[in-house]
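Heads up, the thing below is written out as structure tokens.
Quick note: the coordinates plus some simple rules give every number you see, no bench work behind them. Everything numeric in this text was worked out from a predicted model, so none of it was measured. Ideal geometry is used to build each Cβ from the backbone, glycine not excepted, and the neighbour counts take in all protein chains shown.
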Amino acid sequence: MFHKAIDLKFLDGTAMAVTFEDGTVKRYDMRALYSKYPQLKALEDRSLFLSGRLMGPYGISWNDDLDIEAETVYEDGETVGREDVQLHRASSRAVASVRALAGISQKELSSLTGIDQSDISKIERGTANPSVSTLERIAAALGGRLTIQIEIPASAE
């Protein structure tokens, strides 16, 4: 089974936290690979390290020579938490269905929002974790508004 990465946060040094589609959050320090791949020492340059990006759900890339597969992070990283990804899945489904109802393409939505079409695609596929402000921009471009509802279960008596 392949574990899909959906969010990336950079930590101190050459460590990062990667959230996966199943909600698992893994901490991984790139120093673990220095002996096998000495070229990764270049990531000690903080500006280079911070330039890394998710390559869809499959890994993290810094440039043509420096990358790591998401599966390596999942298998070898330290589990540091879990996130509830239901909201993430709900937002991806909502964006795709509302855009389809509006009868516009991702490219047209991109023009209306200023959000790159590839990012809209990632949001709709569930491989990006959009901010509230991004979701607000999408809702406004489609003539709607974003609402957030918090449900609190009734306490058992």
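Partners of K41 within straight-line reach, counting aspartates and glutamates whose Cα lies under 14 Å from its Cα and excluding those fewer than 8 residues away in the same chain: D29, D65, D67. Comparing segment 96-157 with the 2.2 N^0.38 Å rule of thumb, its C-alpha radius of gyration ratio is 1.36 (two decimals). Here segment 38-127 is treated as an ellipsoid with the same Cα gyration tensor; its semi-axes, largest first and in whole Å, are 31, 18, 10. With kT/(6 pi eta Rh) evaluated at 20 °C and eta = 1.002 mPa s, and Rh the Kirkwood radius from Cα pairs, segment 5-82 diffuses with a coefficient of 174 µm²/s according to Stokes-Einstein. Long hydrophobic helices in the chain: the complete DSSP H runs spanning 18 Å or more by Cα along their own axis with mean Kyte-Doolittle hydropathy of at least 0.0 are 86-102. For K122, which aspartates and glutamates qualify as cross-link partners when the Cα separation must be under 17 Å and same-chain residues fewer than eight apart are set aside? Those aspartates and glutamates meeting the cut-off are D7, E21, D22, E108, E136.
Here the spin labels are modelled as points 7 Å beyond Cα on the Cα-Cβ line, and at I150 and R93 they lie 2.3 nm apart. Karplus-derived 3J(HN,Hα) values for segment 3-15, using 6.51 cos²θ - 1.76 cosθ + 1.60 with θ = phi - 60°, are 9, 8, 7, 10, 8, 9, 10, 8, 10, 5, x, 10, 9 Hz; glycine and proline are entered as x. E69 sits among other residues whose Cβ lies under 11 Å from its own Cβ, and their net charge, with Lys and Arg +1 and Asp and Glu -1, is -4.
Neighbours of R125, meaning other residues whose beta-carbon lies under 12 angstrom from its beta-carbon, give a summed charge of +1 when Lys and Arg score +1 and Asp and Glu score -1. Both numbers refer to the Cα atoms of the chain; Rg and Dmax are 18.0, 60 Å. Considering only S105, S35, A90, and ranking their Cα positions along the charge dipole of the chain that arises from unit charges at the beta-carbon of Lys, Arg, Asp and Glu, the one farthest toward the positive end is S105. Summed over qualifying helices (DSSP H, 4 residues or more, each -39500 (n - 2.57)) and divided by its residue number, the chain shows a 222 nm mean residue ellipticity of -10000 deg cm²/dmol. At an R0 of 22 angstrom, the distance between the Cβ atoms of Y58 and K9 translates into a FRET efficiency of 0.80.
Look at where the Cα atoms of segment 115-145 and of segment 1-74 average out, and the two centres are 24 Å apart. Applying a DSSP loop filter and a limit of 16 other Cβ atoms within 10 Å to the GluC sites (Glu not before Pro) in segment 28-112 leaves E83. Could you tell me the calculated FRET efficiency between E108 and L135, based on Cβ-Cβ distance and R0 = 22 angstrom, to the nearest 0.05? According to the calculation, E is roughly 0.80.
If a spin label sat at a point 7 angstrom from the Cα of R82 along the line to its beta carbon, the backbone N atoms of segment 3-24 nearer than 19 Å would be those of 3-7, 18-24.
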